[in-house]
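Engineer: Input: one structure, supplied below.
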Amino acid sequence: MKAYCLKCRTKREIKNPESVTLKNARSATRGICPVCGTKMYKIGKRQAVTTSVSTKEVMKSWLADVPADKAFWSHDGRVLKNLEELSTALREMSDETFAYHVTPDRNDFSKWVQEVVGDYKLAAQLGMARTRAEALEAVAKRVASLRQ
């Protein structure tokens, strides 16, 4: 995949591409310029990363509890250790608590799912969710698909 290098001022093939979700919840591909080493972004396209093919064992591990020091501490006092607890919390939490964790600048749920749980697909869906109902639907569907 090619992106424009601001330092070289030309389009170049992205070295070490990885899919990311930007703060504004848009998808992008991040990598480095093979010539000058500057960070490069291709916004609006996701790189098909073949190295992150998820096996059934990896996908099942996303349902397991995370280490205690990596648990999600909700603003209402809940401590979430796995995706099923996140689903329950989203169903029961107030809109004010949801609004505390999801703002135009950040999405704590998406960040936790991506960085701690490791489920990039769900993290991207949560990054686009703007309401508690949308987030709940995304998590509930993902948990149901992972159980199969």
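Engineer: Cut-off under 16 Å on the C-alpha distance; same-chain residues fewer than 8 positions from Lys111 excluded. Which lysines are left, in chain and number order?
Structural biologist: The qualifying lysines are Lys23, Lys70, Lys81, Lys121.
Engineer: Report the extension gain between Ala99 and Leu63 in nm, rounded to one decimal, defined as 0.36 nm multiplied by the number of residues separating them, less their alpha carbon distance. Provide the component values of the computation, followed by the final result.
Structural biologist: Working: separation 36, 0.36 × 36 = 12.96 nm, distance 2.49 nm.
The Ala99-Leu63 span can extend by a further 10.5 nm.
Engineer: Provide the gained length on full extension for the span Lys81 to Cys8, in nm with one decimal, where the gain is 0.36 nm per separating residue minus the Cα-Cα distance.
Structural biologist: Values: separation 73, 0.36 × 73 = 26.28 nm, distance 4.50 nm.
Taking Lys81 through Cys8 to full extension adds about 21.8 nm, to one decimal.
Engineer: How big is the dipole moment of the chain about its Cα centre under a simple scheme where the beta carbon of each Lys and Arg is +1, that of each Asp and Glu is -1, and everything else is neutral? Debye, nearest 20, please.
Structural biologist: Working: 27 positive and 17 negative charges, 245 e Å.
Value, rounded to 20: 1180 debye.
Engineer: Any number yet on Rg/Rh for the chain, C-alpha, Kirkwood?
Structural biologist: Numbers: Rg = 17.1 Å, Rh = 16.6 Å.
Ratio of gyration radius to Kirkwood radius for the chain: 1.03.
Engineer: What residue among Leu136, Thr97, Met59 has its Cα farthest toward the positive end of the dipole of the chain, where the charges are +1 on Lys, Arg and -1 on Asp, Glu, each on the Cβ?
Structural biologist: Of Leu136, Thr97, Met59, it is Met59.
Engineer: Give the relative contact order (percent, whole number) for the chain; include only Cα pairs under 8 Å separated by 6+ residues. Before the final figure, lay out each step's value.
Structural biologist: Working: 218 pairs, mean separation 26.0, N = 148.
With pairs under 8 Å counted, the relative contact order is 18 percent.
Only the coordinates and a few stated rules stand behind these numbers; no lab work does. Bear in mind the structure is a predicted one, so any value in this text is a computation, not a measurement. Cβ coordinates were reconstructed from backbone atoms using ideal geometry, including for glycine residues, and neighbour counts include every protein chain displayed.
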